[in-house]
Each structure stands twice: as C-alpha cells, then as structure tokens.
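K.L.:
Take a look at the following structure, please.
The values are calculated or read from the model by the stated rules, or taken from the named source; none is laboratory data. Just so it is clear, the structure is predicted and the values come from calculations on it, not from any experiment. When we count neighbours, we look across all protein chains shown, and the Cβ atoms used for this are built from the backbone with ideal geometry, even at glycine. Heavy atoms of the whole protein, side chains included, go into the accessibility calculation; ligands, DNA and RNA do not. Shrake-Rupley method; radii C 1.70, N 1.55, O 1.52, S 1.80 Å.
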Amino acid sequence: MAIKRRLAASLVAAVPVLAGCDSESTMSPALEVAIHSVLGGLEKGEAYVLRGGDIGSFPLLGGENGAEYIVVPFYAAREDQELDLALRGDGVAAPRPLLALAEGEELGRAGRMLGSPDRSRPGVGLGRAVAASDRAHEQLRTRMRREAAELMRRGVPDQASVRRSIAARRGNLALASAAVGDLVTLNVQADVPCDDPQYRTGKVMAISERAIVVADTLNPANGFDESHYRAFAAEFDELVHPVLTGTFGEPTDIDGNGKVIIFFTSAVNDLTPPGSEGVILGFFYARDLFPQGGVNGCAGSNEAEMFYMMVPDPKRAQLEPIFSLFWVEELAMGIIAHEYQHLINSARRIYVNDAETFEEIWLDEALSHVAEELVFYAASGMGPRRDIHVDDLLANNRRTDAVNRYMVDNFVRYGIFLQDIEGASIFSYDLAGRGGSWAFLRYVADRSGKSDEEFFRDLVNSRTAGLANLGRVSGEDPTEMARDWAVSIYTDNFVSGVPDKYKQPSWNFRSILPRVGIFNLTFPLSDRKFDGENAVNLALRGGGTVIVRVPVDAASKAVLEATTPGGGSLPSTLHLTVLRTR
Amino acid sequence: MRKRIVVPIACCALVLIAPARLAAQLPGALSVEARLGGAFATGDFAAPGKALEAGNGYAASVNGRLQVLPGMQVYVGYERAQMTCDACSATPVLDNTIVDDGIGVGAVMAVPMGPPGLSPWVRAGLVRRQLKFSGDDGSGASKPGIGFDLGAGITLPFTGPFKVTPGIRYVRYTTEFDFQNVPDRSLDVSHFGVDVGLAYQF
C-alpha cells in the first residue's frame, strides 16, 4: 500500500513538473513571419523586419478590404559594392497610382514656390544649377581629401608650435594685423596641395570680429562691391559663426588672428570651364591648416583658417546664369556655412581631437548640409523636430527668404535622391547621395533624443569616422537606423499609425518638395511595382534602398520571395522591411 | 540563462524528493487518470478568415487526483491537444497541425444523482497552456497563457480499481506571441472536446 501511495505521489508531483517546463520560443525569422501571417498578418503601420538569408518567402494578406504593402530593402555595404536581388510575387494585385500626399492633404497655397527668384513661376529656380554644381564639387572634394589625408598621416606638430612658426614668418593676415585695403598673397592651387603654387593677390575688403573678407584683384568687373563684402562679414559674425561654433565647436586659430579668411576669387570660377555641367561654388582645402615648413611641411599651404568662394561674372552669366550677381549673392552665405563646417571639422580633427583620419567624405558632406540647415533655423526663427510644413515656410518673408538662401539646396538634393533612389547611395557623396545622407543624418539626430548641439558636437569632435562615428554618437547600429530611415522616406506624413522610427520629425517633405521649383508640384519619389509581372529585379548599391509597392486584393493572399536573381540566399547585409501601408 | 538551468534542476529534484514526503502527508484517496478523445476548435480560433482556421484533432491528458472532501477531488495534470490548421497549410513553411498543451489544475465535484453505479461529475479548473507550431524552419511556441477548463461526465465502474470516465470539456485561454522580428500578437484559443478517461484509484 505504501508503495502504491508513493507511486501515486510521484505521478502527482511529476505531471506538472514535466508539463511546466515551457517550450523556449526561439523561432527563425521565416517561421515568425509564417506564424504571424496565419495569425492575421500585418495591421496598417506594422512591419516585418528581416535580414539576409532569413528572408525567404512570406505571405501578405489582403484582408477584408484589400491591402497595400511596401517592401523596402536596404543594402548595408560600402557604396562601391552592388547587389542584385529578385523579388518574386505570386498573387500581387494591379498597382494603384502613387499619391504624393496623404488623403485629405493639399499642396498648400497655390502659386507660391520655393527656390525661385520669381516665386510664382514653378520650374524656374536655382535648384538645377545647384544640382549640377555638386557633381563638380564631389570630384574636387574627393581629390582634396585624399591628398590632405596623406598630409595628416605624416603627422603634424601641436597647434601652438604651428602658430609660433607662422607668426615668425608672416605678417599680412596673421596676428590680427590686417587692415582693410591691405594686399595679400594666397595660393589658389586646387589640383595639388603643396606643390606648384598659383598665387593670387587679394585685397582685404572687410574685417569683422570673426572674418576677414578678401577679394581677388583679378575678379571680373561689376561683381560684388564693398557693401556686399561688409554684409557677408557681418552676417558671418551675427549668424553663421555663432550657430556653427555653438554646435560643432570653435575652429583652430593657427594664424593667430582669431578670424576666418573668406577669399572671393575668380580662381574658383576658373575651376568650372565654360559649358561644364557642374559648377564649383566654393571649396575648403585642408592643406591650408598644415604648416609650410618643417620636416612634413606643405609649401603650398596658406597657413590659415580659410576657404574659397566663387564670384559673380556678369559677362559669363549671359550664357551661364549661375554666375550672375543675383545667384552668387543668393548662394554665398549657404556656401560659407557649408565650407565653414568642413573647416571646423578638419581643424579640430588635426589639432584638437587628435584624430588619425579626417571624417569620411559622405558624412563630412552631410554635416556641411546640416550646417546650412542649422543656419536656416537660426535665420528663420524655426527649429528641428517641428515637422515643418510648406505652409510654415511660406508664412512670412523672413522664413521664405531663409529657405531660399540656406535650405532649398538640401530640398533639391533630397528630391533628386528620391528621383534616383534605386541608383543612389547614402554612403556616397554624389549629388543624389548627398541629398539622402543629409536627410538620413537629420533623421539620426532626431531619433537620438539628444539636442542638435549635443549630437552634432559629439559627431564632429571625434577620433572615429563614418558609420563607426555615427554609431558611437547615436548609441545604435547605424545600418539598422538607415534601414528604418529608408522606410520613413515613404511613410512619413503619409501612412498613419506607423511607429516613430518610421517618421521624420523635422520636415514634412511630402508638402515641401512639390513646392520646390524644379519638382513642379510633384513628390519626386520613384517607386517600383510589379506591373503585371511576377518578379521585380532590383540593383542596389551599398547604402542604397528602393521602395517596392505590393497591393493585395481583398480576401486574397500574395506570397513574396526575395532571393538573388539565381534563387540563392541574400547576404546578411541586406535588410528587408515589409510594412503595410493600407 | 541562469533561470534556464536552475528551473530544470529544481524540477528534477522535486520529482525525486517530493513523493516520499508527499505520500506521507496525503490526506485522502489518490487516483490517476488518462484521457483520450477528440478536440474541435471553436470561436475565432476556428473561424474561416480570422486566424488559424483550426479544425479537428485529438486531445489527451494525464492527471493525478486527490480526494480532499467527500465527493470532491482536486486534480493536476498535463494536457495536450493537436488540431489541424488550415491557414498553416496555405503557407510554404508551416506544418498543417498545431499543438496546444500545458498543465491544468482544478476540482472535480461528484453530482449526487443518477442511477446506482453511475457517478456524474463536473469539473472546473485553470489551465496554463501554449500553442506550438512546427515547420521546415524549426518550431516555435507562444507564451503560456492562463485560461479555464470546464467539463462534465460520468464515472463508470470498470474492473477492480479501474473506472471509466467519459466526458465532455471546453477549454479557453488567451496566449501571446512575443516575436523578435515581427509585431507581437495575441490569440484566443478555444476548443471543445469529447473524451474518455481511464482512472485508477489507489
């Protein structure tokens, strides 16, 4: 009897013990998607987030009223790498027209446009000219960074000794001894940093607390006059310098004058041969931050915190309007803000942050575009994370003028990125890539929860570069942020009910871009769709993305499969987000 | 990770140590029961187009019972049901069956009526169960959910200490899926069953 009772007690004790050891739920992503789909699938605003070989096939349900999904791959690789992938779909419905605005939204105040001297004329503006200029700027920056990086690798002495050596040799612009009317000699050689100097004589036109504005004596006639230069110096002091140094930090002062030299020279214009597609608007050359003498000296250095600006050329403007007084003046302060960030970034890396490398070009350029944006906020009285609508920009002349002077170029580049989204890469610094990388960097800053000052100061004052730098400052995997940002391109201000990571808190691009002259009342996003075919073949660059729309009829189901064109597994660097938009 | 190691060790220790002490302290008659029968999904769990479109299958359980009062037993047991899943069969990677299992605790009350030799009973209890899927890419399960279990039946004498206990039952609980890559989901699971038990009383 005792044995029986003991046996019974064993059973009583064992049953819950054996049953209570729950199954651990370590499901593969493909299994999760499959189970999720049989549980009803995605609701509007929800997403599957998959990666590489985990992607396989996945069902998408049409629900009671039909549904639409976007499939957004993001290729997290170097921009010179390419990936072909095939998206096969079974049961995909006929595509619907791509809408620019969310339902109920309107284009805003008809007739008013951004980025045009005649604000009522759509399609005319500086956008195209600026767009073209960036292509040449890209080539110049690439070459200059490569050469300056070589100087950095050689090693530099500390800032104090560089300043002493400069003070011992020079007197014209160093140590605050310059006066208006002084003539100075500056090397404008842009092809090579240290050899074959090409000297120009410049005349000091204006001196402010923070700037020395110098004009090349060879500049074309009927360009800027003294009042223009004084205005540039004043605006630099009152707006650009405080905004940028307050965010990124002070530049160095190797020449001991406490000022930045802004050299308006036709040598910049000369970098653009007549008839060129692109126009060089200005440049900063890090070689000027290195000493001329010493074992690793750079003889061609101007040994100054300075950058170079284009000048008006009324005669040339007859064929190339970008050289007109109007356009060069309109563009100048935005370019100054852009180049000043490059100067601050490079100078602090060399002498303050003790970095071993310059910032990667794509991120350096994105930061310079952020610099333009920060100056816009200060000039307009607006700020980030306000989801700025085009009506906000057109609300008064102060804001509209600030957009046209500092900000519209960013909109133009971002719009061109959207037009060419499949061929673009945010890790590149070509035209489209820079539009995307600026918008991505703004997104990361907004997502970080830090203030602009804290976030961008950390980013600039760094010894790391590129994605590593971005990850360090944001505390997140930058490729995962890029994956989410790629989705936000489509969903922000367009699809309701999405998580915050699929929103862009600062700008309502859906309302703004159609009102930028060159986009002519359209939202310039190019998407991909099945169009009756059962496969979409995609070619992505590293740092590239694309939006594929997948409609599914009511009470139907589509099954999608993402593979290489040959049917193989995708690499783990390929992220794929599937989000239900309707 | 620490919990994953500690809990099984504690479980095993309990199985080895508990019976001697438990047996010495048991107040009333002990019995064990095994049940087997059909399971039929109900509600949203079964509705076409809603979720799993679960269908029919089998249910099995084993439990131990302890008489605590005249006409009243408490039970604890392991229960498992396996049903078809029409929605699963439409996916490329899932098997077309699902498993619902876990533990149940509750009480069985004898109903003082009926012809001599037949003992009607009703039961009510709590369940802690989870839903399990399997397929080409492995298996996965929901988080255990808490619900209830209602049943009724009769006890028929069989031979010696054995008795036959046919009955019907209804199980319902809500379970949640904590996914890593897709949005979380919850699901109401409910099914009706007709089964037969074989009980042995010590």
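K.L.:
For the charge dipole of the stretch B:29-201, defined by +1 on Lys and Arg C-beta atoms and -1 on Asp and Glu C-beta atoms about the Cα centroid, which residue among B:75, B:194, B:110 has the Cα displaced farthest towards the positive pole?
P.N.:
Going by the charge dipole, the pick is B:110.
K.L.:
Can you work out the FRET efficiency for the pair residue B:84 and residue A:146, with r the C-beta to C-beta distance and R0 = 51 Å, to the nearest 0.05? Can you show the working numbers first?
P.N.:
On the way: r = 65 Å, r/R0 = 1.28.
Efficiency at R0 = 51 Å is approximately 0.20.
K.L.:
Follow-up. Sequence gap at least 6, Cα distance under 8 Å: using those rules, report the relative contact order of chain A to the nearest whole percent.
P.N.:
31 percent.
K.L.:
A follow-up question, please. Pulled fully out, how much extra length does the chain show between residue A:564 and residue A:398, if you take 0.36 nm times their separation in residues and subtract their Cα-Cα distance?
P.N.:
On the way: separation 166, 0.36 × 166 = 59.76 nm, distance 5.16 nm.
Working it through step by step, the gained length comes to 54.6 nm.
K.L.:
If you don't mind, there's one more thing I want to ask. So if the hydrodynamic radius of the stretch B:111-165 is defined as the Kirkwood radius over C-alpha pairs, what does Stokes-Einstein give as its diffusion coefficient at 10 °C and 1.306 mPa s, in µm² per second? Kindly include the intermediate steps, with their values, before the conclusion.
P.N.:
Values: Rh = 14.5 Å.
Answer from the Stokes-Einstein relation: 109 µm²/s.
K.L.:
Are there GluC sites (Glu not before Pro) in the stretch A:338-375 that DSSP marks as loop and that have at most 13 other Cβ atoms within 10 Å, and which are they?
P.N.:
The qualifying sites are A:356.
K.L.:
Give the relative contact order (percent, whole number) for the stretch B:74-192; include only Cα pairs under 8 Å separated by 6+ residues. Mind dumping the intermediate values first?
P.N.:
Working: 281 pairs, mean separation 21.8, N = 119.
18 percent.
K.L.:
So how tilted is helix A:159-169 from the main axis of chain A? Cα-based, degrees 0 to 90, rounded to 10.
P.N.:
Once rounded, one gets 20 degrees.
K.L.:
What's the extension gain from residue A:451 to residue A:245 if we count 0.36 nm per residue and subtract their Cα-Cα distance?
P.N.:
72.7 nm
K.L.:
I'd like the per residue volume of the convex hull spanned by the Cα atoms of chain A, given in cubic angstrom.
P.N.:
Measuring per residue, one finds 200 Å³ for the Cα hull of chain A.
K.L.:
For labels at residue A:80 and residue A:527 in the simple 7 Å Cα→Cβ model, what's the distance in nm?
P.N.:
Taking the simple label geometry, residue A:80 and residue A:527 are separated by 3.5 nm.
K.L.:
How large is the Kirkwood hydrodynamic radius of the stretch B:55-186, in angstrom, based on all distinct alpha carbon pairs?
P.N.:
In the stretch B:55-186 this quantity evaluates to 16.7 Å.
K.L.:
Give the accessible surface of chain A per residue, rounded to a whole number of Å², with probe radius 1.4 Å and ligands, DNA and RNA excluded. Write down the numbers at each step before the final one.
P.N.:
On the way: 20730 Å² over 582 residues.
Using a 1.4 Å probe on heavy atoms only, each residue of chain A averages 36 Å².
K.L.:
Treating only the Cβ atoms of Lys and Arg (+1) and Asp and Glu (-1) as charged, compute the dipole magnitude of chain A about its Cα centre; round to the nearest 20 debye. Kindly include the intermediate steps, with their values, before the conclusion.
P.N.:
Details: 59 positive and 78 negative charges, 164 e Å.
That gives chain A a dipole magnitude of about 780 debye.
K.L.:
Also: Taking 25 Å as the cut-off for C-alpha to C-alpha distance, list the pairs among A:501/B:50; A:450/A:501; A:501/B:143 that go past it.
P.N.:
Violating the 25 Å Cα-Cα cut-off are A:501/B:50; A:501/B:143.
K.L.:
In addition: What's the total accessible area buried between chains B and A, using a 1.4 Å probe, rounded to the nearest 100 Å²?
P.N.:
Buried: approximately 4100 Å² between A and B.
K.L.:
Loop only per DSSP, at most 14 neighbouring Cβ atoms within 10 Å: give me the GluC sites (Glu not before Pro) in the stretch A:192-242, ordered by residue number.
P.N.:
Hits after loop and neighbour filter: A:209.
K.L.:
Roughly speaking, to the nearest percent, how much of the stretch A:155-358's 1.4 Å accessible area is carbon and sulfur?
P.N.:
Details: 3770 of 7340 Å².
The computed percentage sits at 51.
K.L.:
Working from Cα positions, state the angle (0 to 90°, nearest 10) between the long axis of helix A:226-235 and the longest principal axis of chain A.
P.N.:
Tilt relative to chain A: about 40 degrees.
K.L.:
Can you give the calculated 222 nm mean residue ellipticity of the protein assembly as shown, where each DSSP H run of n ≥ 4 adds -39,500 (n - 2.57) and the sum is split over every residue, rounded to the nearest 500 deg cm²/dmol? Write down the numbers at each step before the final one.
P.N.:
Working: 20 runs with 242 residues, N = 784.
Helix-only estimate at 222 nm: -9500 deg cm²/dmol.
K.L.:
Next question, about the same structure. Please tell me the relative contact order of the stretch A:155-358 in percent, rounded to the nearest whole number, where contacts are Cα pairs under 8 Å and at least six residues apart. Intermediate values should be presented prior to the final figure.
P.N.:
Details: 386 pairs, mean separation 44.8, N = 204.
Answer for the stretch A:155-358 is 22 percent.
K.L.:
Which FRET efficiency value, to the nearest 0.05, is calculated for residue B:60 and residue A:458 with the Förster distance at 51 angstrom and r the Cβ-Cβ distance?
P.N.:
0.25
K.L.:
Among DSSP beta bridges whose residues both lie in chain A, state the antiparallel percentage, nearest 5.
P.N.:
80
K.L.:
Additional query: Specify the angular offset, from 0 to 90 degrees and rounded to the nearest 10, of the alpha carbon long axis of helix B:2-25 from the longest principal axis of the alpha carbons in chain B.
P.N.:
Its long axis makes an angle of about 10 degrees.
K.L.:
Suppose R0 equals 51 Å; then what is the FRET efficiency for residue B:198 and residue A:356 from their Cβ-Cβ distance, rounded to the nearest 0.05?
P.N.:
For R0 = 51 Å, the calculated efficiency reads 0.05.
K.L.:
Select from the stretch B:79-161 those trypsin sites (Lys or Arg not before Pro) which occupy a DSSP coil region and have at most 14 other Cβ atoms within 10 Å, ordered by residue number.
P.N.:
Those that pass, being in a loop and sparsely packed, number zero.
K.L.:
Of A:73, B:125, A:523, which is farthest along the charge dipole of the protein assembly as shown in the positive direction, counting Lys and Arg as +1 and Asp and Glu as -1 at C-beta?
P.N.:
The Cα lying farthest towards the positive end belongs to B:125.
K.L.:
Determine the dipole magnitude for chain B: charges of +1 sit on the beta-carbon of Lys and Arg, -1 on that of Asp and Glu, nothing else is charged, the reference point is the Cα centre, and the result goes in debye to the nearest 20.
P.N.:
The dipole of chain B has a size of about 820 debye.
K.L.:
Whole-Hz ³J(HN,Hα) for each residue in the stretch B:52-60, computed from phi via Karplus 6.51 cos²θ - 1.76 cosθ + 1.60 with θ = phi - 60°, x for glycine and proline: what do you get?
P.N.:
6, 6, 5, x, 9, x, 10, 10, 9
K.L.:
Could you give the dipole magnitude of the stretch A:155-358 about its Cα centre, charging the beta-carbon of Lys and Arg +1 and that of Asp and Glu -1, in debye to the nearest 20?
P.N.:
420
K.L.:
Sticking with this one: Would you list A:83, A:98 from the most to the least accessible area, probe 1.4 Å?
P.N.:
Numbers: A:83 20, A:98 60 Å².
Sorted descending by solvent-accessible area, the residues read A:98, A:83.
K.L.:
Using the basic label-point model (7 angstrom from Cα toward the beta carbon), what is the residue A:386 to residue A:222 distance in nanometres?
P.N.:
Label at residue A:386, label at residue A:222, 4.1 nm between them.
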